[in-house]
1. Would you mind listing how long segment A:181-271 runs along its three principal axes, going by Cα atoms, in whole Å with the largest first?
2. Beyond 34 Å, what percent of the Cα pairs of the protein assembly as shown remain?
3. Specify the inter-centroid distance of segment A:163-194 and segment B:190-237, based on alpha-carbon positions, in whole Å.
4. Considering every residue in B:270-277, what mean count of other chain Cβ atoms within 10 Å of its Cβ is obtained?
5. Would segment B:60-113 count as rounded, prolate or oblate if I go by the C-alpha gyration tensor, calling it rounded below 1.5 in a/c and otherwise prolate when a/b exceeds b/c, oblate otherwise?
6. Could you work out which residue, out of A:I48, A:I93, A:I231, moves most in a Gaussian network model of chain A, that is, has the largest mean-square fluctuation with Cα springs under 10 Å?
7. Please turn the phi angles of segment B:158-173 into ³J(HN,Hα) values with the Karplus equation 6.51 cos²θ - 1.76 cosθ + 1.60 (θ = phi - 60°), one per residue in order, whole Hz, x for glycine and proline.
8. At a Förster distance of 56 Å, what's the computed FRET efficiency of A:S84 paired with B:T51, Cβ-Cβ distance as r, to 0.05?
2 protein chains.
Amino acid sequence: MNQLCRDFGIEYPVFAFSHCRDVVAAVSRGGGMGVLGVVAMSPEEIDIELTWLEEHCGGAPFGVDVVMPAKTVDREQGLGDSASVIEDLTALIPPGHREFAERLMEKHGVPRSDGSEPYRFGHGHGAPGLTAAYGKAQLEAVFTHRNTFLVSALGAPPKEVIDRAHAEGARVGAMVGKPEHALKSLGDGVDVYICQSYEAAAHTGEIGSMVLVPDVVDVVGDVPVLAAGGIGSGRQMAAAMALGAQGVWTGSIWLTTRESSTDPRVVQHMLTMKSTDTVRSRSQTGKPNRQIRTAWTEAWDGPESPGNLPMPLQQILYSEYTDRARRAGKYELVGGPVGQVVSRMNKVRSAGDVLLEIIEEYVATMERMSETYRSLG
Amino acid sequence: MNQLCRDFGIEYPVFAFSHCRDVVAAVSRGGGMGVLGVVAMSPEEIDIELTWLEEHCGGAPFGVDVVMPAKTVDREQGLGDSASVIEDLTALIPPGHREFAERLMEKHGVPRSDGSEPYRFGHGHGAPGLTAAYGKAQLEAVFTHRNTFLVSALGAPPKEVIDRAHAEGARVGAMVGKPEHALKSLGDGVDVYICQSYEAAAHTGEIGSMVLVPDVVDVVGDVPVLAAGGIGSGRQMAAAMALGAQGVWTGSIWLTTRESSTDPRVVQHMLTMKSTDTVRSRSQTGKPNRQIRTAWTEAWDGPESPGNLPMPLQQILYSEYTDRARRAGKYELVGGPVGQVVSRMNKVRSAGDVLLEIIEEYVATMERMSETYRSLG
């Protein structure tokens, strides 16, 4: 148990991000720290999930991950938090982009919508937290619960959010993709920096773990650092600790666990994927986001693309059309975030077993390294 | 000292790639393994350099790195190894590409060539080893010397080259960017696989060290693995060992050492660069190659670009025009390979000091990790 474990009241410095409460509970109960991603949830859903977690973690701590993008179209256009913000945003999608998506659907045999089930981006659909207004409502819902660990997935949260979390006894984590991100918020009170490296799922920068982790460690002074990106085994955990991290932040590895709510057909695909079957693409959210390479990502990143829209317009398009593709069973268009570590996600296991295997391999790695080290001396 | 050290007769499992014999000698004398990159040298130059190294490494082993690209235009066009192969290749550069380069020079105030000093790509200029014919001649020059370690920088060498190296008592290393590269040559007798990760300088794949190293280790069985990419400190060395590597392959970190022959103005630039000031671009050699982001890379990767040519045509263009830019002092067009670890290359030191610092930090890292590990137990 290192200082980070003592600070967070956990046994192992393994943080597990998941959209699925069952994974979060399994990891927290197992001695790690589950962190629930709520970007796609309504305030009511957040309340239900957090209440459930309070009842199912056996008293162990868990965290909540929100998205607070500094720049979104609704904020820039001053759309505020009116009830019609999603409709107002949807109306901003250029017709050419919609036509491009429609032609792509046609090419893959996805039937046109007959209008009987109009897609409604918003709570419970898509990732409404990527709009400023919904993000704010989500944050309020999170704050109605007792907080242990509040994480901001796109850079450090505003100082007032950090102060509020601290006042409620929570620690605050900020994801950073380069040392400058950490430097910018230094002194604002972030309790732990999470180095989101190039290998990682979802929003990532361009710097690989091997370089990013020690570079962030070297600029943040006493603030502890978690390594994120490419971590799903004990060897990778040991490497992260070697680089100076006090713990690891994992995500992808839980997508194929028994407890995960990932679409079963996507799980089957992930079990056979190679690292190079992922791609860092703007075609889902408007910002570079590592995900499964699909006909959707290929088309939007290809030479005929009208270009990806800014956040959250691209996400609105993505959610609507890939949802249609999924309902039509055209899974070549259906992906989602996953990191390069997908190469080692080769069978479905329970989340508890995955956690144990990470710890066991970490212990074995430390034994092996100590031997080599002693013989070098 | 681990098995790899015993096999190679070295004290530290630190391999140092450099185009500069002084760096190679300093590292080999210091207990690591210097490896001379000869892609830009004529057979005569190779002979001179290897003779010099034989006399200046104090009996310590050193290696040689050659480039044996499987696919090059000259090979595909059956240009063979005629004396005019460079001229024949140069003639294949489309006029539009030349015009694009010429306009770029003009934009940056690089004067037109007056024809008095025609640029001659070939031995001593550019990287002739990227043509099949010159590569073969280089290999013959290497084989006139006693070999310790022959490395192929673009995948495994052909089986007959491996057999010949073995017959002369040399070990053979192959750079791989994904597990499939290693699998393809498994059984051919490669003695060590070098995992060239996304973070690395020069030709790289897309997989970060954190994922690539253990994935390659897991497919190559008993063959030892070196981690390459992003490594320039003891923490990074320890991380590589945690991932299952038996040693590290370093390159960029030597570019700013006192012994290096890197252009002093490029060194000054490197000392202030961030990781994100590098870019993986086809604009130098025709294959994805991490290098300094310059006006040259930006133009060729930009929206107006006519597209990058296949190897070695792009290299011929690059060498001719960036050489002109350099002579005109227009360093915004002058770059060269460097990896993301450039972020920690902040002062000029001797190669021996760099090696010592790596080892000292590695030892300190192992001490720190052992303590954390014992307290976790």
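Every read-out reported here was derived from the displayed coordinates using simple, explicitly stated rules and does not represent laboratory data. Since the model is a prediction, treat every value here as computed from it, not as a measurement. Cβ sites come from the backbone with ideal geometry, for glycine too, and all protein chains shown count toward neighbours.
1. Principal extents (Cα only, largest first): 44, 26, 23 Å.
2. Value for the protein assembly as shown (Cα pairs over 34 Å): 50 percent.
3. Rounded to whole Å, the Cα centres lie 32 Å apart.
4. Taking all residues of B:270-277 together, the mean is 3.
5. oblate
6. Of A:I48, A:I93, A:I231, the Gaussian network model singles out A:I48 as fluctuating most.
7. x, 3, 5, 5, 4, 4, 5, 4, 4, 4, 8, x, 8, 8, 10, x
8. Once the sixth-power term is evaluated, E becomes 0.10.
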